[in-house]
Every structure is written in C-alpha cells, then in structure tokens.
Amino acid sequence: MHALRECIPQLFEVGAKKLYLVHIVDITATDIEAVELMKIDEEELNRIAEEIRAKGIDVEPMVKIGIPSLEIAEIAQENNVDLVLVPSKGENILRQMLLGSTASNLVRATKKPVLLVKYEWDEEEEKIKCLSNCREIFKRPIVALDFSECSEKVLNVVKKFEELIEEITLIHVVDYGRAEELEKNIENAKAKLEEFSRLFKAPVKSEVLAGIASRSILGSALARDSSIIVMGKKGRSVIKDLLLGSTAERVVRDSKLPVLLVPCE
C-alpha cells in the first residue's frame, strides 16, 4: 500500500503512462472458495484503483485466480508492459527467495524487466518506509555488465529511460582469468566499457574492478551515490543460481537500493 500511495504516483510524475494493478488469488494457498475470495478481492482492488485514479493515474485493476508468479508474468506479456514493479522487504529477502516467494518466482518466470523497490520497518517511527525516492530512482543508475550477450539487452533497457538520467556508471568486475592475466583483462574491459559509453548522450563514467563481483557492485553503488543498480538475470537457472549464491542474488539480497533485473532470454 505504501508503494501504491507513494512510489507509483512519483513514477507517473516522471513519465509512466499506465498502471496495471494486479492481484492474484493464490489457488495453492487458500482454503476459502477461490471464486468467493476473488469477488471480495475485486471489490477491494477496485476501491484502491479509484483512490489511485483520483490522482490522475490511468489504472486498470485485474484480479485472477492461479499461481501468482505465473499469472503476473502472463499479464505482463499480454499487455506488453515495460516494467514489473515489486515492493520487496529488505533483510528477509534471502529467506523469502529460498522459500520460493512470489517475488523470486516472478523474477524467474517473466520476460519483462523487474524493478525490486526495497522497504524496511522503521523502529523509531513504527511504520514501513521506502529506502528510495521513486521520483529519482532512474537519475544515477549503476549498470553492471558482464560482456555476455545479456549486456546488450541490459543497455537497451537503460536507453529507454535515458532522458531521466543525470549520470550513468558502467561497471565491470574482473573475477576470472589467471593472476598474470589480470592487467590485460582489466585493460580489455576498460576498452569495452568505453565503447558502450558512446551509446549514451547522458554523461557516463566507467569503472573496472577486480574481486568478488557482488561486493564490488554494491561498494561502487554506495561510493557513487547511485540511485539504482541495473543488471541482467539469467533465465530459468535462477533457483540453482540462488542456492549457489550468484552475483545477482547477492546484489538483490544485500542492496538497499532498488535493483532492476533485466531478463537475458
């Protein structure tokens, strides 16, 4: 509800055009008659939609019965959405992912970019708070590139919101090769990032680091006061990657910044 009332309107201030407001009655988790529950949820979602519509936002509410991640992925595909936004609770995300939460299952299932906006509980205020200003999410992206075919898809997504960008940081982490190849690999990476930087009109900084990719990305994002981390996610192997501790999973788990995951399929 905080995301709907605070974050979503801010995204419309910077150019969003239409909101698909989706609620799925989880057919695997409800003991109540699903159709009856659907009617109740439709009434509630329509009420919320009216509240958002009053702010001048074009909103289309949808309630369906099914498996949430699959239904949301299908709706995103059918309506050719640009972005799936998922509010995410900070500290518990690893546990949620390993238990197969809707958010992680959705990231695996959808072919659309997924924006995870981080929230946490404010002990002093005794209320939930967003860790970002959604109006400024796209201003200072740090874009992690691994030079695979996926990198081109990641850059194409960043190009879509280039007009909102004040400065871009392109980052590559050398976590491969033998020790004696390190200097050469770093120089090659710098040359590739320089080539990628020419794709943008906005100011671009590039950084090549050596070490553990997730730590380097998170550290650089913090040092540069980035507003969002953008990176690719590898299709359906994500659960295996999660269990093995992939770069994407670690960044999603540990980042307090929003993370935009771009599908690489």
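Every read-out reported here was derived from the displayed coordinates using simple, explicitly stated rules and does not represent laboratory data. A quick note: this is a predicted structure, and the numbers were derived from the prediction, not measured. Every residue, glycine as well, gets a Cβ built from its backbone with ideal geometry; the counts of neighbours run over all protein chains shown.
About the centre of its Cα atoms, the chain shows a dipole size close to 780 debye [charges on the beta carbon of Lys, Arg (+1) and Asp, Glu (-1) only; nearest 20 debye].
Along the positive direction of the dipole of the chain (beta-carbon charges: Lys, Arg +1; Asp, Glu -1; about the Cα centre), which of ALA73, ILE171, PRO141 reaches farthest? With unit charges placed on the Cβ atoms, the residue in question is ILE171.
So which helices of the chain fit the span-like rule, where a helix is a whole DSSP H run, its Cα atoms reach 24 Å or more along the axis, and its mean Kyte-Doolittle is at least -1.0? Please report the intermediate quantities before stating the final value.
Details: long enough: 34-53 (27 Å, -0.51).
Counting only whole DSSP H runs, the qualifying helices are 34-53.
DSSP finds beta bridges in the chain, and of those with both partners inside it, around 20 percent are antiparallel. Considering only alpha-carbon pairs that sit under 8 angstrom and 6 or more positions apart, the relative contact order computed for the chain is 20 percent. Among the listed pairs LYS18/LYS118; LYS111/LYS205; LYS64/LYS159, those with a Cα-Cα distance over 26 Å are LYS111/LYS205; LYS64/LYS159. Based on the reciprocal of the average 1/r between different C-alpha atoms, the Kirkwood radius for the stretch 134-263 equals 14.9 Å. Annotation: amide H of TYR20 within the under-5 Å range of GLU60, sequence separation 5 or more or interchain, hydrogens built in the peptide plane. Mind checking which lysines have their Cα closer than 20 Å to the Cα of LYS184? Skip sequence neighbours fewer than 8 apart in that chain. Partners within reach: LYS192.
Other residues whose C-beta falls under 13 angstrom from the C-beta of LYS55 contribute a net charge of -3, scoring Lys and Arg +1 and Asp and Glu -1.
Tell me, in nm to one decimal, what length is gained between SER197 and GLU74 on full extension, where the rule is 0.36 nm per residue of separation less the Cα-Cα distance?
Here the answer is 40.9 nm.
The distance linking the stretch 152-195 with the stretch 1-78 is 36 Å (Cα centroid to Cα centroid, whole angstrom). Our estimate of slack between ARG135 and THR28, defined as 0.36 nm per intervening residue step minus the Cα-Cα distance, is 34.9 nm.
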